[in-house]
Amino acid sequence: TLPERTNLAGVQHILLVLSGKGGVGKSTLSTELALALRSAGKRVGILDVDLCGPSIPRMLRVQDSAVHQCDSGWVPVFVGQDKAISLMSIGFLLERPDDAVVWRGPKKNALIKQFVTDVAWGDLDFLIVDTPPGTSDEHISTVEALRPYKPLGAILVTTPQ
Amino acid sequence: SSSSGDEAVRDKRARILSRGLPKQKPIEGVKQVVVVASGKGGVGKSTTAVNIALALAANDSTKEVGLLDADIYGPSIPKMMNLKGNPELTPKNLMRPLKNYGIACMSMGFLIEETAPVVWRGLMVMSAVEKLLRQVDWGQLDYLVIDMPPGTGDVQLSVSQNIPIAGAVIVSTPQDVALLDAHKGAEMFRKVHVPVLGLVQNMSVFQCPKCKHETHIFGADGVRDLAKTLELDILGDIPLHVNIRETCDSGQPVVISQPQSDA
């Protein structure tokens, strides 16, 4: 059983965005979906687990933001016109936005576990999880870490090619 | 002086750290290895790698060229080179590469069903990459072109730590988020001491087949600007042309099927 007050306890629905193939528009779709849900009055968060190529901070123009700590863990960055969408990405933890993250699997897995359990999301209707291309460490770790919270499902993005 | 003291500490640290790493050893019979990478997915690495391999062979018919598809998760080379089937084993238990258009090819795609996903963690991927490098009967090759997966992780590290690489070609589209990742890709190669030969700007411009109006769908010249920042050459500028995609999807890459076209 889960401890009473975990950081994901207040999140109603978790949605993953996957593709297998790179460059088909996962990050673009995740961002637009979050914005659309927000316009429909929902409370939305985005978790960007693409550690090698985090695109979401740039898409929402917050690449220069920093992440702060609170009692329950990391505070996500608030974005969007009304600052009402929360976002966590490795992009905020880099010293410079173009620093390369050249890590092997085990190190990536450790950070992803932290992103899932140590970000103080608060109460959200939807948490959208943007993934990198492929079907590897990031995906396995993300699904394993999210499993106790019963994600709603995954959206698969592809181009016709 | 303090700077030479610092250098001595740095050297010692590098020596200690490198003790745990695999020893770099060239693949027998392979003269030069060129890797095609990007950082970003979907910018045209496989398309470029395939056409580079074919162009190298077309430019000099005395050269033997091989093509290794290191994208374990999404191998595209079998489809683009119109190759299918499990590789045979030589008497020495090495895998025989499949050949088409004169290029010797090896890919994860030949070892699994077309639609079977490879859901593996890093350590298994490392061992698969080793097999694709060392347990293949490449023969005598002047060039081995390696198509990398997107990202800057296990596969890139494994390949660059295992074999000496003559140079890396980084492919990107002019789009900002692609350039960001291409920059990281270039930095990754710098970290592992692989020379970057230059950048390829792909999908640079689209020309309407009806009215000939040109649109820069992914932005204009972003890659040229990045090349200037990183002090790298632009090796090529490729338009977004329906023929390139069509010929790859049908397994007859554009360098072979339409050598005279703009692409």
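Which one of these is free of Cβ contacts under 8 Å to residues at least 40 places away in the same chain and closer than 16 Å to A:Val17 by Cβ: A:Pro54, A:Pro160? Working first, answer last.
Values: A:Pro160 fails: closer than 16 Å to A:Val17 by Cβ.
Of A:Pro54, A:Pro160, the one residue that is free of Cβ contacts under 8 Å to residues at least 40 places away in the same chain and closer than 16 Å to A:Val17 by Cβ is A:Pro54.
Pick out, from region B:123-229, the strands (runs of 3 or more DSSP E) lying fully within it that include 3 or more residues that are away from chain A (no Cβ under 14 Å).
B:141-147, B:196-201
So that you can scan it fast, the table gives a plain yes or no per residue for (1) under 19 Å from the mean Cα position of the chain (by Cα); (2) small (Gly, Ala, Ser); (3) farther than 22 Å from B:Pro195 by Cβ:
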site: B:Val9; (1), (2), (3): no, no, yes
site: B:Lys12; (1), (2), (3): no, no, yes
site: B:Val34; (1), (2), (3): yes, no, no
site: B:Leu54; (1), (2), (3): yes, no, yes
site: B:Gly66; (1), (2), (3): yes, yes, no
site: B:Tyr73; (1), (2), (3): yes, no, yes
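Can you name every residue in region A:85-94 that is more than 12 Å from the chain's Cα centre (by Cα) and within 12 Å of chain B (Cβ to nearest Cβ)?
Scanning region A:85-94 gives a single hit, A:Leu94.
Could you list, in sequence order, all residues of region A:8-22 that are in contact with a Pro (Cβ under 6 Å, 6 or more places away or on another chain) and more than 27 Å from B:Ile72 (Cβ to Cβ)?
A:Ile14
Taking region B:113-122, which residues are of a type outside the set (Ser, Thr, Tyr) and within 12 Å of chain A (Cβ to nearest Cβ)?
Initially, region B:113-122 is screened for residues of a type outside the set (Ser, Thr, Tyr), giving B:113-114, B:116-122.
Across region B:113-122, the qualifying residues are B:Ala116, B:Pro117, B:Val118, B:Val119, B:Trp120, B:Arg121, B:Gly122.
Quick one: A:Asp98 ticks every box in (1) of a type in the set (Asp, Glu); (2) touching a Gly at 6+ places or on another chain (Cβ under 7 Å); (3) within 14 Å of another protein chain (Cβ to nearest Cβ) except a single one, so which number is it?
Failed condition: (2).
In this structure, is A:Ile112 touching a residue at least 24 places away in the same chain (Cβ under 8 Å) and surrounded by 22 or more Cβ atoms within 10 Å (Cβ to Cβ)? Write out each step before concluding.
On the way: touching a residue at least 24 places away in the same chain (Cβ under 8 Å): yes; surrounded by 22 or more Cβ atoms within 10 Å (Cβ to Cβ): yes.
Yes: the conditions hold for A:Ile112.
Has region A:50-70 got at least one residue that is more than 12 Å from every other protein chain (Cβ to nearest Cβ), over 21 Å from B:Ala182 (Cα atoms), surrounded by 15 or more Cβ atoms within 10 Å (Cβ to Cβ) and in contact with a Leu (Cβ under 6 Å, 6 or more places away or on another chain)?
No - not one qualifying residue is present in region A:50-70.
Have a look at A:Lys42, A:Lys21, A:Lys26 and point out the one that is more than 11 Å from the chain's Cα centre (by Cα), buried (at least 23 other Cβ atoms within 10 Å of the Cβ) and in contact (Cβ under 8 Å) with a residue 60 or more places away in the chain.
The match here is A:Lys26.
Being in contact (Cβ under 8 Å) with a residue 60 or more places away in the chain and on the phi < 0 side of the Ramachandran plot is the requirement here; does B:Met81 meet it? First the steps, then the outcome.
Details: in contact (Cβ under 8 Å) with a residue 60 or more places away in the chain: yes; on the phi < 0 side of the Ramachandran plot: yes.
Against the criterion (in contact (Cβ under 8 Å) with a residue 60 or more places away in the chain and on the phi < 0 side of the Ramachandran plot), B:Met81 qualifies.
Inside region B:189-199, can you point out the residues that are surrounded by 18 or more Cβ atoms within 10 Å (Cβ to Cβ) and either touching a helix residue (DSSP H, G or I) at 6+ places or on another chain (Cβ under 6 Å) or at pLDDT below 90 (or both)?
Within region B:189-199, B:Val194, B:Val196, B:Leu199 meet the criteria.
The values are calculated or read from the model by the stated rules, or taken from the named source; none is laboratory data. Since the structure is predicted, the reported quantities are computational estimates derived from the model, not experimental observations. Heads up, the Cβs are rebuilt from the backbone with ideal geometry, glycines too, and the neighbour counts pull from every protein chain shown.
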